[in-house]
Structure formats: C-alpha cells, structure tokens
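Everything below concerns the one structure shown next.
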Amino acid sequence: MARDPLAFETLAETAKAVEMGPPPARNRARFPFKGTIALPGLPLIRVETPKGDTRSGTDRDGNPWSVVMPAHYGEFARTEGVDGDPVDVFVGPDEHAAHAYVAHMAVPGTTRYDEDKVLCGFRTRDEAEAILRRAYNRPGLVLGLRKLTIPALAAWLADPARRGRKITAGAELAKAADDDAPRCCGEAMTRCRCKDAWHCSACGRRGRPETGKSAIVLIWRR
C-alpha cells in the first residue's frame, strides 16, 4: 500500500518539529502576521496564514477563492521576489529538513512564469508536492520544481544582486514521471536515455524493471 505523503505528522527521532513563535514586534496593521518561524540558517519567516486556517481572496478574473492551508504560509523577512514583495514560503513540520524546494508558478490560465513559492521543512519531493496540490486546486499552476540545499537557498536570498530575480539555484527536477514510475529517496525516478532503466536523481542509483512483473521491480546496478 502506497504511503500517504501527507501522513508525516509524527517525525523521526532525528527530526525537530517546527514551532511557531509570536508575531513580529512591529506588525503591519492590515492583514497582521499571526506568528514567526525561525529555521536554522534562513531569514525569519513571518507567518500570514497558519496551518489549518483559511486563506481567501479574489483571482485576476474576479472569482472568489478560499483554501484551508495544509501548512504554515508566509514570507521571508527582508527578501524580495520577482513581484516586488518578500519571497513566499510554505513551512513543513521538520525544522532540520536538509533541502528546500522552489515551485515556479504560472500566471493562472497561462503557461507564463509568474513567481516563486519556496517550500521548507519537507523531507521529500512527495511531501512538498502534496502540499502544493492541497494549496492550489487549479491544474497547471506549477511550471516546474527545483531542489536546493538550505545553505544554497540562504545564500540566494541574502545576495543583493539576486533580489527580485527568479530563483535558479539548485537543480531543476524532472517533470512528474509516469504513474507507474518506481520511487527512490521519496521521489519519482526518471527514465534513462536507454528507456529501459530508471535513475534516482537524489542518490544516483539506476535500475531496470524485472520482466514478467506487473509492478516495477528494480535490479540495482553498482
């Protein structure tokens, strides 16, 4: 039975749960921040909508929308995204997750790039993508996904020359693979150029499906 990627409330003993602190001392009057989160090595996160709260608004066509947030959502203080506002971020449950993910978002109804959404505190691509599916129910909004280390993200956000620019640090992940693609390190594997083997971008393993099996069974190559 496949593991539900959202069922990660109980963290491993080596993980540390993310805790939300009080709102910033100097809060904004309109839509005040509900709290703050300090992740190691990253700018302070000001939380607009805590997990479980409802976020609502009106889209560019004037249609109202609302969603119960599947994770804490806010912004990195003292940063600037391509829209001129601070960089948006979803925060998962694991304070010590080694990698962050960056979703390149589209202008709704188009394939044009709009802005970035960072996802921190998620241990795998599966967990990050599950949050995006819960937060955005309109298909086609995510143009691509990148994976980068926390130090690489921190360096990008702190670099004055990169303020207001699309985040291109780290590695761009392959598009979602076939539904029957095997998984490794919490992520879907991609086909090798030979088309009869699979490759894990996280650990470098390669394997091929065993013939005569309805499900893919990998025979690992050293």
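The values are calculated or read from the model by the stated rules, or taken from the named source; none is laboratory data. None of these values were measured; they are calculated from a predicted model. Backbone-built Cβ (ideal geometry, glycine too); neighbour counts: all protein chains shown.
So Ala128 clears everything in (1) under 24 Å from Pro64 (Cα atoms); (2) under 12 Å from the mean Cα position of the chain (by Cα) except one condition, right? Which one?
Checking Ala128 against (1) under 24 Å from Pro64 (Cα atoms); (2) under 12 Å from the mean Cα position of the chain (by Cα), the one that fails is (1).
Could you run through the range 42-58 and say how many residues are within 19 Å of Ala25 (Cβ to Cβ) and either of a type outside the set (Lys, Arg) or modelled with pLDDT under 95 (or both)?
6
Of all strands (runs of 3 or more DSSP E) completely enclosed by the range 37-96, which ones contain at least 2 residues that are out of contact with any His (no Cβ under 7 Å at 6 or more places or on another chain) and in contact (Cβ under 8 Å) with a residue 60 or more places away in the chain?
72-76
Any idea how many residues of the range 38-49 are within 14 Å of Pro70 (Cβ to Cβ) and surrounded by fewer than 17 Cβ atoms within 10 Å (Cβ to Cβ)?
The qualifying residues number 0.
Looking only at the range 102-126, how many residues end up being part of a helix (DSSP H, G or I) and under 20 Å from Gly41 (Cβ atoms)?
Of the residues in the range 102-126, 0 are part of a helix (DSSP H, G or I) and under 20 Å from Gly41 (Cβ atoms).
In the range 5-29, which residue that is of a type in the set (D, E, K, R) and at pLDDT below 50 is surrounded by the most Cβ atoms within 10 Å (Cβ to Cβ)?
Glu9
Which of the residues that make up the range 127-160 are assigned to a strand (DSSP E or B), out of contact with any Gly (no Cβ under 6 Å at 6 or more places or on another chain) and either within 17 Å of Val89 (Cβ to Cβ) or aliphatic (A, V, I, L, M) (or both)?
Matches in the range 127-160: Val142, Leu143, Leu145, Thr149.
Of the residues that make up the range 146-163, is at least one in contact with an Asp or Glu (Cβ under 6 Å, 6 or more places away or on another chain), closer than 22 Å to Phe76 by Cα and at pLDDT 70 or above?
yes
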